[in-house]
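**Q** My structure is below; once you've seen it, I'll send some questions.
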Amino acid sequence: MKTKTFAVDIDGTITENGVGRINLDALAALRHLTNIGHNVIFVTGRSSVEAYLLSVFGGTTKIAVGENGGCITVDTNDHILLGNMQQCQHALNIIQKEIANVSEKPVFPRMTEVVLERTFDLELAKQVVLEKKLDVLLSDSQYAFHINSLGIDKGTGFQNVMKRLSVSRDDVIAIGDSATDIPLFKTAKTSIALGNSSEYVKSQATMTTNAKSGDGVIEALDKLAPKLSEV
């Protein structure tokens, strides 16, 4: 069997208890995949730097897609910026004038997106974006609301990595739990929605698990294990 490339979300996927703590058993399983020859790449709404550091200390493939596809980190100080921070900041200023209780979320510094607290009506904000013809996309990662440049999502960000590594869709396995992972699912032949995903997200995946978050990752890998050991 050819080497597979796993595109793995972080929050809600390999974290536990809703506090951003890594499920160590899930991380160990992903590290094992790397050790036997597969690629394991984190694709997250967090910063690509956070994801890159997790890959370094976690023992997975040292490349990361962050900011919902807006930024790719390929080395300690080597970042590929696909999104436009100025567009996102401009959109934030307009949305704040139109809607109450819109505030930025304290997060690891971003290079291409704006991250917001989940304290307002996202659908109302999306309507403002349409009316004002802003070149941005609003999304909900369940961790926060995000403002990204139009055309930027986890799928487009990961496709950049696929080209760099000469990886085809047939050899990609995507794992996630939220609506922001659906574009990532579309880049993969095999996509896995975890037990904590909404029914809509599950409907967009080729596989689902009963277990949630990190335990769901382990369940999925157990199902795939017979083929993955043939590298």
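**Q** As I understand it, the value is the acute angle between the Cα axis of helix 85-98 and the longest principal axis of the Cα atoms of the chain; what does it come to in degrees, rounded to 10?
**A** 50 degrees
**Q** Please determine, in degrees from 0 to 90 and to the nearest 10, the orientation of helix 154-165 with respect to the longest principal axis defined by the Cα atoms of the chain, where the helix direction is its Cα long axis.
**A** 50 degrees
**Q** Kindly report the accessible area of the chain per residue (heavy atoms of protein chains, probe 1.4 Å, no ligands, DNA or RNA), in Å².
**A** 46 Å²
**Q** Helix 213-228 against the longest principal axis of the chain: what's the angle in degrees, Cα atoms only, rounded to the nearest 10?
**A** 40 degrees
**Q** What is the count of Lys pairs in the stretch 1-134 whose alpha carbons sit under 17 Å apart, if the two are 8 or more places apart or on different chains?
**A** 4
**Q** Over the heavy atoms of R169, what accessible area does a 1.4 Å probe trace out, to the nearest 10 Å²?
**A** Number for this one is 120 Å².
**Q** Net charge near N23: determine it from the other residues with C-beta under 13 Å of the C-beta of N23, scoring Lys and Arg +1 and Asp and Glu -1.
**A** Once all neighbours under 13 Å are counted, the net charge is -4.
**Q** Starting from the residue with the highest accessible area, list L134, L30 in decreasing order, probe 1.4 Å.
**A** Output order, biggest surface exposure first: L134, L30.
**Q** Next up: Take peptides 120-130, 195-205, 171-181 and line them up by average Cβ neighbours within 10 Å, highest first, as a rough protection proxy.
**A** Ranked by mean Cβ neighbours within 10 Å, highest first: 171-181, 195-205, 120-130.
**Q** Which percent of the accessible area of the chain is formed by carbon and sulfur heavy atoms (probe 1.4 angstrom)?
**A** Of the solvent-accessible surface of the chain, carbon and sulfur hold 49 percent.
**Q** Continuing with this model, one more query. What share of the DSSP beta bridges in the chain is antiparallel, in percent to the nearest 5?
**A** 55 percent
**Q** Working with all protein chains in place, sort H38, H90 by solvent-accessible area computed with a 1.4 Å probe, largest first.
**A** H90, H38
**Q** What area, in nm² and to one decimal, does the C-alpha convex hull of the stretch 85-149 cast on average over all directions?
**A** For the stretch 85-149, averaging the hull's shadow over all directions gives 3.8 nm².
**Q** Take the Cα pairs of the stretch 102-231, get the Kirkwood Rh, then feed it into Stokes-Einstein at 37 °C and 0.692 mPa s and tell me D in µm²/s.
**A** Rounded to a whole number, D works out at 202 µm²/s.
**Q** Whole-Hz ³J(HN,Hα) for each residue in the stretch 129-136, computed from phi via Karplus 6.51 cos²θ - 1.76 cosθ + 1.60 with θ = phi - 60°, x for glycine and proline: what do you get?
**A** 4, 5, 5, 8, 6, 8, 8, 9
**Q** Please give the peptides 61-67, 112-118, 3-9, 81-87 ranked by average Cβ packing (other Cβ atoms within 10 Å per residue), highest first, as a rough proxy for protection.
**A** Order by mean packing, descending: 61-67, 3-9, 112-118, 81-87.
**Q** Okay, next question. When you count, for each residue, the other Cβ atoms within 10 Å and take the mean per peptide, how do 96-107, 142-153 rank with the highest first?
**A** Result, highest mean Cβ count within 10 Å first: 142-153, 96-107.
The values are calculated or read from the model by the stated rules, or taken from the named source; none is laboratory data. None of these values were measured; they are calculated from a predicted model. Every residue, glycine among them, receives a Cβ derived from its backbone with ideal geometry; neighbour counts consider all protein chains shown. Accessible surface is based on the protein model in full, side chains and every heavy atom, while ligands, DNA and RNA are left aside. Shrake-Rupley method; radii C 1.70, N 1.55, O 1.52, S 1.80 Å.
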